[in-house]
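**Q** Pasting in a structure now, in structure tokens, and then I'll have a few things to ask.
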Amino acid sequence: AGPEAVFRSIRTRLGAPGYPGDLLTFSGGVTGLDEASGGVTVALRASDSYGDHAVTTVELTLPRGER
């Protein structure tokens, strides 16, 4: 997001346990964008063989030049 981004909130829900040697796969993407305010919502997910290890939603504001 860069040094000028302002993080508004980070929400994380923990789920399945993670064990040494188990593959942890990360995915995510932009789920919301407010062009007027520069607000961006990003959804992130970390999963292993037991299911979702962590599900996170990040809300931030980007400076005008980064939109």
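The values are calculated or read from the model by the stated rules, or taken from the named source; none is laboratory data. All of these numbers come straight from a predicted model, not from anything done at the bench. Note: ideal-geometry Cβ built from the backbone for every residue, glycine included; neighbour counts use all protein chains shown. Keep in mind that these areas ignore ligands, DNA and RNA; they rest on the heavy atoms of the full protein, side chains included. Shrake-Rupley method; radii C 1.70, N 1.55, O 1.52, S 1.80 Å.
**Q** Being in contact with a Pro (Cβ under 9 Å, 6 or more places away or on another chain) and modelled with pLDDT of 95 or more is the filter; apply it to the range 20-67 and report the residue that is most open to solvent (accessible area, probe 1.4 Å).
**A** In this case the residue turns out to be Tyr50.
**Q** State which residue pairs qualify: first residue in contact (Cβ under 8 Å) with a residue 24 or more places away in the chain and inside the range 1-14, second residue open to solvent by less than 100 Å² (accessible area, probe 1.4 Å) and part of a loop (DSSP other than H, G, I, E, B) in any location, beta carbons under 7 Å apart, and separation of 6 or more residues or different chains.
**A** Ala1/Leu62; Glu4/Pro63; Ala5/Leu62
**Q** Can you tell me which residues in the range 6-19 are open to solvent by 60 Å² or more (accessible area, probe 1.4 Å) and not β-branched (Val, Ile, Thr)?
**A** Correct list: Phe7, Arg8, Arg11, Arg13, Leu14, Pro17, Tyr19.
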